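**Q** First, the structure itself, so that you have it in front of you.
The values are calculated or read from the model by the stated rules, or taken from the named source; none is laboratory data. All values derive from a computational prediction rather than experimental measurement. Cβ placement follows ideal geometry from the backbone for every residue including glycine, while neighbour counts extend to all protein chains displayed.
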Amino acid sequence: MATQKISQLRAPRVLIENKISFAGPDSEVSIYDTYQAASRVRLDAGELLFCGMVTGRKIMHTAGTETIAKGQVFLPHESFVMAPGGVVEIDFPDATLENPTTCLTVEISKERVNSISDRLNDSLPMLELVNQWQSRTPVLHTHHSTETQKLLTRLTTLFTENHPDRDILIDLNISELIIRMLRHKTRDFLLAYCSNDPEANSLIAALDWINSTLSKPLDIDQLCRHAGMSRSRLYVEFKEKLGCSPVELQQQLRLKLAAERISDGEAITAISYDLGFSTPSHFCHRFKNFFGCTASEYKIGSHKEN
């Protein structure tokens, strides 16, 4: 495939969901640009579909969820993962020719996901607690990390390059994306589970402690005593099971809670102090690094549909 600039390939042929795709082994990357406002545009997932928001705003309507009528706002640096057979309807309230709404999707075969999941189970047995990516798995809407954003950028570049090792590199990056999705799903499951049974095991006890003390500086020694683990074992468990350190997890949980409270209309300054940030400017710096937009921009985007 000859190398071409993305901007040239994305010249609009249609105004709603203008799509370009790049096929690879067991996967396909597509870029969707929408150039005019539209509502209830249907999207079906034949395979596992990872959707990463790039620019603009969508409102997602998912059958079988509480948000079916109102919809769920989908902003840059957020992901929407659909299991095979999933269906959503999408509104594009802000799309224009000058400022299109853009989303990148990665379609991955179910067999590929199951293969990676089986390999992960050897080192991450807690994956057995979740329903993995089967047809009954619900649609997952979540913030994706800066690392995942960089991964999507790499994939977009690889799919449009004529690199001699293109297929191998795509294969490796798709594997990384699957691992990130599975680990994130496990993390969400464990965080929900720890509120019901915080003493089930050492890791869940540690998660419960972090989740219940978000406004305070994280005392690693105290966390180790609460979880009944040595410092070295604690860091190994977090890295292997959750893919981050205890401090990184606390930071992520603080920022996600802050985003929820911003969406509910609370004052940004009050939230920053309440969640343990030293100053509002420190909070805003962290928030932008994590979400890819300022707290004020996030607040505006979250409330445009109201």
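**Q** For Gly56, are the conditions met, namely being out of contact with any strand residue (DSSP E or B) (no Cβ under 7 Å at 6 or more places or on another chain), assigned by TED's automatic domain parsing to the domain that holds Leu158 and within 24 Å of Ser145 (Cβ to Cβ)?
**A** Spelling it out, it is not the case that Gly56 is out of contact with any strand residue (DSSP E or B) (no Cβ under 7 Å at 6 or more places or on another chain), assigned by TED's automatic domain parsing to the domain that holds Leu158 and within 24 Å of Ser145 (Cβ to Cβ).
**Q** With Leu223, Leu242 as the choices, which residue is more than 19 Å from the chain's Cα centre (by Cα), surrounded by 19 or more Cβ atoms within 10 Å (Cβ to Cβ) and assigned by TED's automatic domain parsing to the domain that holds Cys284?
**A** Exactly one of Leu223, Leu242 is more than 19 Å from the chain's Cα centre (by Cα), surrounded by 19 or more Cβ atoms within 10 Å (Cβ to Cβ) and assigned by TED's automatic domain parsing to the domain that holds Cys284, namely Leu223.
**Q** Here's a follow-up. Return yes when Ile179 is without any contact (Cβ under 8 Å) to a residue 12 or more places away in the chain and either buried (at least 18 other Cβ atoms within 10 Å of the Cβ) or aliphatic (A, V, I, L, M) (or both) and no when it is not.
**A** Spelling it out, it is not the case that Ile179 is without any contact (Cβ under 8 Å) to a residue 12 or more places away in the chain and either buried (at least 18 other Cβ atoms within 10 Å of the Cβ) or aliphatic (A, V, I, L, M) (or both).
**Q** Also: Give the residue that is farthest from Ser212 (Cα to Cα), with candidates limited to residues of the stretch 234-247 that are touching a residue at least 12 places away in the same chain (Cβ under 8 Å) and charged (D, E, K, R).
**A** My answer is Glu240.
**Q** Looking at Leu177, Leu207 in this structure, which one is modelled with pLDDT of 80 or more and farther than 30 Å from Tyr273 by Cα?
**A** Leu177
**Q** I'd like to verify a number: residues in the stretch 22-44 that are out of contact with any Leu (no Cβ under 9 Å at 6 or more places or on another chain), of a type in the set (Gly, Ala, Ser) and at pLDDT 85 or above, how many?
**A** Residues in the stretch 22-44 being out of contact with any Leu (no Cβ under 9 Å at 6 or more places or on another chain), of a type in the set (Gly, Ala, Ser) and at pLDDT 85 or above: 2 in total.
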